[in-house]
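*Asks:* Below is a structure I'd like to ask you about.
The values are calculated or read from the model by the stated rules, or taken from the named source; none is laboratory data. This structure is a prediction, so every number in the text was calculated from the model and none was measured. We place every Cβ from the backbone using ideal geometry, glycine too, and count neighbours over all the protein chains shown. In case anyone asks, the SASA skips ligands and DNA or RNA and just uses the protein heavy atoms, side chains included. Shrake-Rupley method; radii C 1.70, N 1.55, O 1.52, S 1.80 Å.
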Amino acid sequence: MSITIPDITEFHHAVAEAHGISLFDRYDEASAASLLRYSLPALRRFRSAGRIGCVKPSPRKIFYFGYQLVEFLLKSVEEKSCPDTPDKETSSSATT
């Protein structure tokens with residue numbers, strides 16, 4: 001069995017601190033959902049879809065490390081640019 005060690009950066013630490021998450025603590029599903037500010041069913045859907053990593057030591061027991069919660073938050077960020085706003089000078093209305 002091989003374990004991949006996550007690349008934890010200062011940014012991960014800052015995000016974790018801002019959300020009250022300890023990177024290497026374990027959280028049950030209810031606690032994880034609360035920290036992420038999602039409902040428990042939503043967290044379960046994310047897990048089933050493979051959007052968030054988890055630890056499953058038995059078929060009915062699931063928990064998350066704090067770094068998995070932070071990774072989920074960071075993967076969920078969408079970078080979109082704001083649409084340009086038209087200049088006032090290019091307006092089609094005439095000054096009277």
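*Asks:* Report whether or not SER58 is over 18 Å from VAL77 (Cα atoms), of a type in the set (Gly, Ala, Ser) and modelled with pLDDT under 95.
*Replies:* yes
*Asks:* Answer yes or no: is there a residue in region 16-30 that is assigned to a loop (DSSP other than H, G, I, E, B), of a type in the set (Val, Ile, Thr), surrounded by 10 or more Cβ atoms within 10 Å (Cβ to Cβ) and modelled with pLDDT under 90.
*Replies:* Taking every residue of region 16-30 in turn, none turns out to be assigned to a loop (DSSP other than H, G, I, E, B), of a type in the set (Val, Ile, Thr), surrounded by 10 or more Cβ atoms within 10 Å (Cβ to Cβ) and modelled with pLDDT under 90.
*Asks:* While we're on this one: From the residues in region 32-83 that are assigned to a loop (DSSP other than H, G, I, E, B) and among the aliphatic types (A, V, I, L, M), which one is least open to solvent (accessible area, probe 1.4 Å)?
*Replies:* This residue is ILE52.
*Asks:* Pick from region 1-15 the residues that are in contact with a helix residue (DSSP H, G or I) (Cβ under 9 Å, 6 or more places away or on another chain) and aliphatic (A, V, I, L, M): which of them is least open to solvent (accessible area, probe 1.4 Å)?
*Replies:* VAL15
*Asks:* Which members of region 20-76 meet the condition of being among the polar types (S, T, N, Q), over 17 Å from THR4 (Cα atoms) and within 15 Å of the chain's Cα centre (by Cα)? Steps first, please.
*Replies:* Of all residues in region 20-76, those among the polar types (S, T, N, Q) come to 22, 31, 34, 39, 48, 58, 68, 76.
Still in the list and also over 17 Å from THR4 (Cα atoms): 22, 31, 34, 39, 48, 58, 76.
Selection gives SER22, SER31, SER34, SER39, SER76.
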